[in-house]
Amino acid sequence: MKNQTAWHLIHTKPRQEKTACEQLERQGFTTYLPLIRQQGPTNQQIIPLFPRYLFIRLTAGLDDWTPIRSTRGVSSLVRVGMNPAIISEHLIKAIQQRADGDGFHKPATKKLTKGDRIRLISGPFAEYEAIFSEQRAENRAIILLNLIGKQNRIEVPTESFIICN
């Protein structure tokens, strides 16, 4: 695993995603902060696609990871057990492909209907495929996720998945 480059996930302090991203880049790290344009009541806002998270590309054995946790805006490096969580290159590319020419994430252009295939992109089931069941609230949905041979109804935030093509 030495010298293997991979994407990892940074958990930021509230509303500090851009600060953390800028500070990490000043330290020479490669980061990716997906953004989305959101229409507010009076104006358009640019907000993170995944509030309190950003991606960082690190090389095991080469990059010094110790300054990350003390970087302004950073809360922690997301871990699975004792190891930093690895985010697949495929998932990062899928998110990047949904960005427009200005680098902003494209909201879904298709209205979800019952039975649409989706791919989870955050949360404990990231990278799993599921079936859209119903819209709950403005930003919540019920999905059907096949776990251990059984289809489970789970409520998730709508920003935690993308529509499969």
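The values are calculated or read from the model by the stated rules, or taken from the named source; none is laboratory data. Note that this is a predicted model, so its numbers are computed, not measured. Backbone-built Cβ (ideal geometry, glycine too); neighbour counts: all protein chains shown. For the accessible areas, the whole protein counts, side chains as well, though only heavy atoms, and no ligand, DNA or RNA atoms are used. Shrake-Rupley method; radii C 1.70, N 1.55, O 1.52, S 1.80 Å.
Among the residues of the range 102-160, those that are outside any strand (DSSP E or B), under 17 Å from the mean Cα position of the chain (by Cα) and hydrophobic (A, V, I, L, M, F, W, C) comprise 108, 121, 125, 126.
Does residue 102 count as charged (D, E, K, R) and open to solvent by less than 80 Å² (accessible area, probe 1.4 Å)? No: the conditions fail for residue 102. Scanning the range 115-128 for residues that are more than 20 Å from residue 9 (Cα to Cα) and charged (D, E, K, R) yields a total of 2. Taking the numbered list (1) open to solvent by 20 Å² or more (accessible area, probe 1.4 Å); (2) in contact (Cβ under 8 Å) with a residue 60 or more places away in the chain in turn, residue 73 passes all entries but (1).
Considering only residues that are charged (D, E, K, R), out of contact with any Phe, Trp or Tyr (no Cβ under 6 Å at 6 or more places or on another chain) and under 15 Å from residue 21 (Cβ atoms), which ones fall in the range 39-78? Steps first, answer last, please.
So in the range 39-78, the residues charged (D, E, K, R) come out as 52, 57, 63-64, 69, 72.
Now narrow it down to the ones that are out of contact with any Phe, Trp or Tyr (no Cβ under 6 Å at 6 or more places or on another chain): 52, 63-64, 69, 72.
52, 72 - these are the residues of the range 39-78 that are charged (D, E, K, R), out of contact with any Phe, Trp or Tyr (no Cβ under 6 Å at 6 or more places or on another chain) and under 15 Å from residue 21 (Cβ atoms).
All told, residue 56 falls short of being open to solvent by 50 Å² or more (accessible area, probe 1.4 Å), β-branched (Val, Ile, Thr), in contact with a His (Cβ under 9 Å, 6 or more places away or on another chain) and more than 27 Å from residue 135 (Cβ to Cβ).
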